[in-house]
Amino acid sequence: MKNIIIIGNGIAGVTAARHIRKRSNHRITIISSETTHFFSRTALMYIYMGHMDYKNTKPYEDWFWKKNRIDLIQDFVEKVDVVEKKLYLTGKGKLSYDTLIIAAGSKSNKFGWPGQDYKGVQGLYSYPDLLEMEENTKGIERAVIVGGGLIGVEMAEMLRSRKIEVTFLIREDSFWSNVLPSQEAQMISRHIREHHVDLREGTELQDILGDNQGRVRGVVTKQGEQIECQFVGLTVGVSPNIGFLKSSGIDTQRGVLVNEYLQTNVKDVYALGDCVERTYDLPGRRNIEQVWYTGRMMGEVVAQTICGTPTPYEPGPWFNSAKFFDIEYQTYGNVWNELKSNEEEFYWEHHSGKKAIHFVWDKGSHQFLGLNVFGIRLRHELFDKWLREKRPIQFVIENLHEANFDPEFFDRHETEIITAIDLAKPELKIKSTLKS
Amino acid sequence: MKVLRSIGLVLFLFSFGLFLSLFFMSEYKLTKEIFVEKIKKQHQESLEPTMQELFDKPYSTSYSFAQAVSNSISRVNEQFRNAQQWDSVIYDDYTSSLTKASTSGWVVDNTGLLFFLVFGVGLIGAMLFILPKASLETAGIKNDGIFHNVLNNRGWIGILIGTLLIGFYVLIYFYDAYIMNWIILVEPLKKWIYPQGESSQWFLYGFLYTFAVLVMGVRMILKYRHSKYQIIRTLSVMFFQLAFAFLIPEILVRLNQPYFDFKNMWPLDYDFFDAWHINMLTSAGGLGIFMFVWGITLFVVGVPVFVYFFGKRWYCSWVCGCGGLAETAGDPFRHLSDKSLKAWKIERWLVHAVLVFAVIMTGAVLYNFISGTSSIFGFDTYTYLRKPYGFMIGSIFSGVVGTGFYPLMGNRVWCRFGCPLAAYLGFVQRFKSRFRITTNGGQCISCGNCSTYCEMGIDVRWYAQRGQNIIRSSCVGCGVCSSVCPRGVLNLEVKDEKGRFGQPVLAGNNHVQQG
Ligand SMILES: Cc1cc2nc3c(=O)[nH]c(=O)nc-3n(C[C@H](O)[C@H](O)[C@H](O)COP(=O)(O)OP(=O)(O)OC[C@H]3O[C@@H](n4cnc5c(N)ncnc54)[C@H](O)[C@@H]3O)c2cc1C
Ligand code: SF4
């Protein structure tokens, strides 16, 4: 029986713990400083908006941990001694381990802007951040958000739910344009504006202004414009949270470096989730992937490895999802923000401006490479299968109706989509009974 | 738009306040004429000496008047009992009929106007409050502030409304004389539907119930206007409440046919097999016989067949009256249902116990009906089975607790913990149905919206985050989990039974065995 310690009770650490428990009798301890119990970070916005209470965001009831013999310690790991196999905690002193799993997540980026430490200026990653945001936005009228990614748009939605005026500064020319192709970036930008967010593309932050009590009172943009506000949300991305590993002997670059088995350079030390940087390449995937699903999948894999079935981390085709105010987004496979030279695309948008679908395939072989879809739900399992089977785009289009996952009675658009693509790309010679 | 909403709220509160204050707005005076008209001949002689004291004496509240009437009847009965004249004891309930006939004043003289001021203005107010929301907010899930709100989250307004509802149910079921002004208020409508009829607490109840379902149904449709499933489903419960539960039975009575709700069925309709009910139907000609056969066919054939093809939802969240109220008026409280494993355990014991109780009770009643007896194994069926069932389950559980506790325990307390029909439908759904809620590959982010907004207290996320179909006997298929899921993970599907109970699958990860 091994003594396994996991640092971090996020999705990565908790999934590892659960799967190790299913397969073994090892002693499992999770140390985490943020909250006593695992909660869903992705649901932070809903607590602020009043859709849920904190307790609703806990995926497992509090009795679950004891019943499954997973010990929880709320404390902070200051230092890891890999030679003695010991952890140094702020409160509880020293703890020994046989196997260590580092699942320490991310932290919000701050780029050293002047004034970034004024009260009322913050990022949003943790539960304490949320409480701070609650405090910082009480009774305020105007907020500025800097950085146009997923957390930024979530923050805009949060603030708008309390009728706070929002100015949203993004450096790029359109929203989330390092991920989204311009067609959908524009659609989402329109939708954000429809929610009365003052969206400023191509606008960078220069300076944050404070008053004499150390509270933020406004920002200045690179163009020299001054915007009054009582809150500044900094949502310019996250980076692996690895500060406490400095000089531990565990190799890090931007994140903790791991091989296929999620092992670090030190024996019996593994790392998972947001804090990881892979040293090996996976086709169509970045080496640091800070999303919920990768944390979960790494947890599943590492449990098998630790319990005696060494299993490489090889996630299948990329998938992800998000929601921009009212518009749901799913993606399967790879759709880059800019078309690669070997790729061809087709984009369809519904006249409501709230639904869209964007296919990408290989020019030469017609192999389907990926799609973005908005306002329509599609089946993950089917796309996972079709991508693995390297199906041609024609097959995907012809069978699109099978992949629909919308509720009963919803408007269906396959005929419209197929007709449009057939018209635009007659060379694909699409055979479908749904063609009109 | 915001101004319109405020005006609407003021109008609605005005009509609601007026409705409550009607309680105090009449005078009650018993006269000799009323006495002679309402008291049966054989009781007049014995009652007159004591009741005389009440003649021409004005009372300012229905409560004091009804108390005075029932006191005098008890006094007379006590004398009979002391004298051991058991046959003379009066069991007739004269309190309501005397109270109704003795009510006079503003309410009686102006029922038409008051009806308009309460329900007309109330309706206008409610619509002004509800409709403009559509132009203030884009379509989509807008549960903003629900957990900060004093109405939705067991705050003072919630507790106040809960208390009012509980009080209302207690009055309706047990003390109708006290709410005579409300009963009189809906008299014009009753007369319009059925000129020879008289309004009663049940007519009042049916009307208010339908009013609530329709008004809050409009709210529900607006709130979920981006979801055709929710729109059609809500229209369906509104239709069944208005037509099947309210209008058709009243019209049947007007046509001299038995009062019958074609969508209600045993065991929810627990008096279906009562001797009086069977006799009423079977002696009412062809239509009566049809009703009797229909009622039986519905639960013997209808339930298994429809649940097999569509799931329990065909009844619970598309047709049923209790479900109709829960899905409309109850929607603001759906998140208050308890999601814990413990609550699920209690639910399973309780709801199945009620089903067993209903079956035993009905069995005994039927046995008595067929054999012409009135007891079973030496126990009087009415005293030990039928009456306790009607009181505890029929009135207290389904009414007082079932609806009164909306703002405290969520909108499906009865359906989840008490309804024997739900237990039966659920049994079929669990074991023999094409219905299930499927999860979309590995897309769940465990956010918890689905579990939070499940009115039946199902921890939907538990299944979704491990990629497992949700097959629960209690699921009423309202579809709200699917609506609120921000990642498009959940879908109500009917398809081949094969694979329904399949292994949990989270798509997307190679080499991993789930479990
Ligand atoms: C607002 C928001 C919305 C998001 N929405 C989505 C989404 O919709 N979809 C999606 O795929 N992803 C989303 N993400 C990203 C996703 O939440 C993360 O990828 C995921 O939670 C990372 O999980 P993890 O287990 O790796 O780390 P974390 O969840 O960060 O867990 C790490 C834990 O370890 C603790 N810890 C770290 N160091 C120490 C130490 N030295 N001692 C003790 N404890 C320590 C931390 O306090 C933290 O609690 C979102 C993130 C945020 C902030
Ligand atoms: S199924 Fe949807 S609503 Fe439920 S926890 Fe998963 S993502 Fe959230």
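Quick note: the coordinates plus some simple rules give every number you see, no bench work behind them. Not measured: the values here are computed from a predicted model. Every residue, glycine as well, gets a Cβ built from its backbone with ideal geometry; the counts of neighbours run over all protein chains shown.
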Share antiparallel - DSSP beta bridges, the range A:46-170, percent rounded to 5: 60
Prolate/oblate/rounded call for the range B:124-239, Cα gyration tensor, a/c under 1.5 rounded: oblate
The range A:376-436 and the range A:234-301: distance between their alpha carbon centers, rounded to Å: 36
Prolate/oblate/rounded label for chain A (Cα gyration tensor, a/c 1.5): oblate
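So what is the relative contact order of the range A:328-428, in percent, for Cα pairs below 8 Å that sit 6 or more residues apart?
After rounding, I find 25 percent.
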Kyte-Doolittle mean at least 0.5, axial Cα span of 24 Å or more - DSSP H helices of chain B: B:2-22, B:156-174, B:201-223, B:341-371
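Please identify every one of the GluC sites (Glu not before Pro) in the range A:264-341 that sits in a loop by DSSP and has no more than 16 other beta carbons within 10 Å of its own beta carbon.
A:E338
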Amide proton proximity set for A:C229, modelled H, under 5 Å, gap of 5+: A:G218, A:V219
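Distance cut-off 28 Å, Cα to Cα: go down the list A:K107/B:K342; A:K66/B:K339; A:K58/A:K138; A:K22/B:K495 and report the pairs above it.
From the list (A:K107/B:K342; A:K66/B:K339; A:K58/A:K138; A:K22/B:K495), the Cα-Cα distance tops 28 Å for A:K107/B:K342; A:K22/B:K495.
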Helical contribution to [θ] at 222 nm, DSSP H n ≥ 4, -39,500 (n - 2.57), averaged over the protein assembly as shown, rounded to 500: -11500 deg cm²/dmol
For the protein assembly as shown, share of DSSP beta bridges that run antiparallel, in % to the nearest 5: 60
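So if we plug the beta-carbon distance of A:S341 and A:L423 into 1/(1 + (r/R0)^6) with R0 = 22 Å, what FRET efficiency do we get, rounded to 0.05?
On the way: r = 25 Å, r/R0 = 1.13.
E between A:S341 and A:L423, to the nearest 0.05, is 0.35.
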Those residues of the range A:21-49 whose amide nitrogen sits under 12 Å from the label point placed on A:D71, 7 Å along Cα→Cβ: A:27-31
Three-way shape call for the range B:434-515 based on the alpha-carbon gyration tensor, with the a/c threshold at 1.5: oblate
Amide H within-cut-off set for A:F324, under 5 Å, with H built and near neighbours excluded: A:Y329
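Need one value for B:499-511: mean number of C-beta atoms belonging to other chains within 10 Å of its residues' C-beta atoms.
Mean inter-chain Cβ contacts per residue within 10 Å come to 5.
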Reachable lysines from A:K429, criterion Cα separation under 26 angstrom, eight or more residues apart if same chain: A:K340, A:K355, A:K363, A:K385, A:K390
Cross-link partners of A:K435 among lysines (Cα-Cα below 16 Å; sequence separation of 8 or more within a chain): A:K425
Counting DSSP beta bridges with both ends in chain A, the antiparallel % (nearest 5): 55
Within the range A:136-238, GluC sites (Glu not before Pro) in DSSP loop having at most 14 other beta-carbon neighbours inside 10 Å: A:E141, A:E204, A:E225
Residues A:H366 and B:Q503, FRET efficiency given R0 of 25 Å [Cβ-Cβ distance, rounded to 0.05]: 0.15
B:I360, A:I31 arranged by Cβ crowding within 10 Å, fewest neighbours leading: B:I360, A:I31
Straight-distance crosslink candidates among aspartates and glutamates, where the alpha carbon sits under 19 Å from B:K57 and sequence neighbours closer than 8 are dropped: B:E27, B:E33, B:E37, B:E48
Cα-centre dipole for the range A:81-153 with unit charges at Cβ (Lys and Arg positive, Asp and Glu negative), debye to 20: 140
Loop trypsin sites (Lys or Arg not before Pro), the range A:1-95, which have at most 16 other Cβ atoms in a 10 Å radius of their Cβ (DSSP): A:K2, A:R69, A:K92
Which of A:H413, B:H226 has the fewest Cβ neighbours within 10 Å, and the rest in rising order: B:H226, A:H413
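Would you list A:H26, B:H148 from fewest to most Cβ contacts within 10 Å?
Numbers: A:H26 18, B:H148 14.
Arranged by neighbour count, lowest to highest, A:H26, B:H148 become B:H148, A:H26.
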A:V166 long-range amide H proximity, modeled H, under 5 Å: A:A143, A:D198
Shielding score for A:157-167, defined as the mean number of other chain Cβ atoms within 10 Å: 1
Potential extension, B:V305-B:V3 segment - 0.36 nm per residue separation minus Cα distance: 103.7 nm
